[in-house]
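The values are calculated or read from the model by the stated rules, or taken from the named source; none is laboratory data. Keep in mind the model is a prediction, meaning the values are calculated, not measured. FYI the Cβ positions are ideal-geometry reconstructions off the backbone, even for glycines, and counts take in every protein chain you see.
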Amino acid sequence: MKNIFKSLLISFLFVVFAEANQGVLITNYTDDLNGGQTKRIESIFLGSFSNWSDGTKVIVGYVSSDQAKAEEFFKEYTGYTLKRYQKYWVKRVFSGYGTAPKIFKDTKEAVEFAKSTPGSIVYLPEASVTMLEGSSYLLLR
Amino acid sequence: MIRFKDSLFLRKHSPIRLINLTVIYHTLTKEISLVRKLILLLSFASLIFASEWYKKTTINGYFSHEFERLIDGDKKKTQVSGGGSPDTLGSYDADSFDLVFNFQPTDRVRMAMDIGFEHGTYSEIDKGGLVVEYAFAEYAISDLFKIRAGKMFVPFGIYNEIHTAKPSFVQVKEPTPTNKMYFISNDDYEMIGFFPRWGAGLAVLGNGHIADKPFDYIIMTDNGEREYDESGKRGNEFDKDDNEEKAYTARIRYNPTRDWQIGASFRTDRIGIYEKGKLGDDGIVDKSKDKQYYATHGDILSYGLQSTWNITDTVALEAEYIYGTYKIKEAKYTTKNEATLGIDEFKGQTIKRYGYSIMPTWLVDGDKTTLYFMYAEADPNIKKSQNKVRIYQPGVNIELDTQFHLKLELYNVQTEKNNTKWKGVDYTEFRSSLSFGF
């Protein structure tokens, strides 16, 4: 019975969490995000902000499963549609200007990557509280 | 491992021999045990190393397969020397398969390499080609200041740095009027490009904000292009220069708005050519008349402007314009050594030329199909009348799967009568390609 209540509570939190924001940026460098300032997030996701304040290389990733939400995020924070964002990186990678963001189909896999990869920042369209437990993250509103 | 104890060989031999063999067996067992431990240790270490190496390495790549056929135009007259002729038979071209490696050994050092296998590479019988498009090391001091060393694409305009990566642009091939002057003219001087494909040297690059809007820049110095010498050999400019003058390229791109990027490029280079012949009053060497040496060098200056504009989420426009001069200086010498030193300026001429391309694109059918129409034009020598080449290029690009494109286009070329390559011959070619990026 206790477990059922716990599950219901988590589900409730998950839904609230998912509905109340534009997604989550999971990273150990939340202080470097200037409070979620659009310009900084744009620079990170366009590959023009390459090292965190302690010198660690920035490694970018995002979850593509919720295409509508990802579309919204990229339009808001980079000015590109998701398609144009991918084209932007195709050109950048093949012309020798860096490595493309890692694309995850699954939120769990993305969170595990973020937790185990130094310097990473991963965009999640949604995530449960339990999933983010022990991680630093920034809610995008 | 050989098991000596159970070996028939041991059982069939005398006790003395057996004692000796037992000693050998113990020694060998000890040695093998050590070797085994060493192998295990190395394997373990290499596994750790491999996993670390793997984490710091990214492999991408691209592929392109083409089919082209002349569909309108004179089959004989369109076959010109020096490349660029349409395919009268209709041929498949295993255009390229490239692998792009990025190694990140430290937080600030990146090594990048693009290695391409072109036209079905088969070196034993000299078919196709294996090419290192770029191979460089980059050190990031800050976002505004990074240093690169190695072989790089010359960072000029929109297309040169992506010209081999067909999935990264809409049409089948990059526009020739700005990128392949040797497809526009056959004249020795006019056919020299506004810039070469690659350069070996150093570059500084970076990005930042001006008036709160993002920009990026790159400044590169390299050996410059090397031309053919009198023996018909072409030196390796990625290894050794043929003059003291270094080439310089610079490009800046700025985004006044999120949807609009403008850019400007610049290139200067000195190309040396050493040849035998008689120098005419027109400043051109007639190789059939004399055996004196002439040192010829040309100073290239090219200026480029570019713009990419995402007008709406589905409509975009990209355009590039390049103007350049090629100032040829020729000097007369009696020995090749003097010519190589290149002392006195004797005669000269300056070629002024331009090329541009403009292409609207329209994403229809959700996000899979792009319609495009490219118009491109070049005048390889503005002083000469009736010398231009114009290209009309309508097409469709269908993304069959993620980064997997089918491109179909008509490539209509219209030329003027004084053009040294095409001599007023017009033609239309059907072009298609399958390209994939990963």
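Below, the figures for the structure above:
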quantity: The range A:31-53, residues that are more than 14 Å from the chain's Cα centre (by Cα) and surrounded by fewer than 15 Cβ atoms within 10 Å (Cβ to Cβ); calculated: A:D31, A:N34, A:G35, A:Q37, A:K39, A:S53
quantity: Any chance B:D299 is more than 26 Å from B:Y248 (Cα to Cα), of a type outside the set (S, T, N, Q) and either at pLDDT 60 or above or in contact with a Phe, Trp or Tyr (Cβ under 7 Å, 6 or more places away or on another chain) (or both); calculated: no
quantity: Checking A:T56 against (1) within 13 Å of another protein chain (Cβ to nearest Cβ); (2) hydroxyl-bearing (S, T, Y); (3) surrounded by fewer than 19 Cβ atoms within 10 Å (Cβ to Cβ); (4) more than 22 Å from B:Y139 (Cβ to Cβ), the condition it does not meet; calculated: (4)
quantity: Those residues of the range A:61-80 which are within 12 Å of another protein chain (Cβ to nearest Cβ) and under 24 Å from A:D106 (Cβ atoms), in sequence order; calculated: A:S64, A:Q67, A:E71, A:F74, A:K75, A:E76, A:Y77, A:T78, A:Y80
quantity: Residue match in the range B:147-164 (condition: surrounded by fewer than 24 Cβ atoms within 10 Å (Cβ to Cβ), hydrophobic (A, V, I, L, M, F, W, C) and over 23 Å from B:T121 (Cα atoms)); calculated: yes
quantity: Residue list for the range B:65-79, restricted to those being surrounded by fewer than 18 Cβ atoms within 10 Å (Cβ to Cβ), more than 24 Å from B:V131 (Cα to Cα) and in contact (Cβ under 8 Å) with a residue 60 or more places away in the chain; calculated: B:R69, B:I71, B:D72, B:G73, B:D74, B:K77
quantity: The lone exception for B:H209 - which of (1) at the interface with chain A (Cβ under 10 Å from one of its Cβ atoms); (2) over 16 Å from the mean Cα position of the chain (by Cα); (3) closer than 25 Å to B:T361 by Cα it fails; calculated: (3)
quantity: Cβ pairs under 8 Å, 6+ apart, first in the range A:118-131 and more than 14 Å from A:F49 (Cα to Cα), second among the basic types (K, R) and assigned to a strand (DSSP E or B); calculated: A:V122/A:K102
quantity: Lone qualifier among B:G116, B:G128 - being closer than 30 Å to B:D426 by Cα, more than 10 Å from chain A (Cβ to nearest Cβ), part of a strand (DSSP E or B) and not β-branched (V, I, T); calculated: B:G128
quantity: Test: B:Y54 is without any contact (Cβ under 8 Å) to a residue 24 or more places away in the chain and surrounded by fewer than 17 Cβ atoms within 10 Å (Cβ to Cβ); calculated: yes
quantity: Among residues of the range B:86-102, those that are without any contact (Cβ under 8 Å) to a residue 40 or more places away in the chain and either touching a helix residue (DSSP H, G or I) at 6+ places or on another chain (Cβ under 9 Å) or not hydroxyl-bearing (S, T, Y) (or both), counted; calculated: 5
quantity: Neighbours by Cβ (under 9 Å, 6+ apart or cross-chain): first from the range B:247-267, under 20 Å from B:T314 (Cβ atoms); second among the small types (G, A, S) and in a strand (DSSP E or B); calculated: B:D259/B:A316; B:W260/B:S307; B:Q261/B:S307
quantity: Single residue of the range B:190-205 satisfying the filter (part of a loop (DSSP other than H, G, I, E, B) and crowded, with 21+ Cβ neighbours inside 10 Å) that is farthest from the other protein chains (Cβ to nearest Cβ); calculated: B:E190
quantity: Members of the range B:369-383 that are over 28 Å from B:K352 (Cβ atoms) and crowded, with 20+ Cβ neighbours inside 10 Å; calculated: B:T370, B:Y372
quantity: Residue in the range B:168-185 that is assigned to a loop (DSSP other than H, G, I, E, B), within 14 Å of the chain's Cα centre (by Cα) and basic (K, R) present; calculated: yes
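Residues are listed down the side, and each one gets a yes or a no for (1) in contact (Cβ under 8 Å) with a residue 40 or more places away in the chain; (2) assigned to a strand (DSSP E or B); (3) within 28 Å of B:D74 (Cα to Cα):
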{"site": "B:Y356", "(1), (2), (3)": "yes, yes, yes"}
{"site": "B:Y372", "(1), (2), (3)": "yes, yes, yes"}
{"site": "B:I382", "(1), (2), (3)": "no, no, yes"}
{"site": "B:H405", "(1), (2), (3)": "yes, yes, no"}
{"site": "B:L408", "(1), (2), (3)": "no, yes, yes"}
{"site": "B:K417", "(1), (2), (3)": "no, no, yes"}
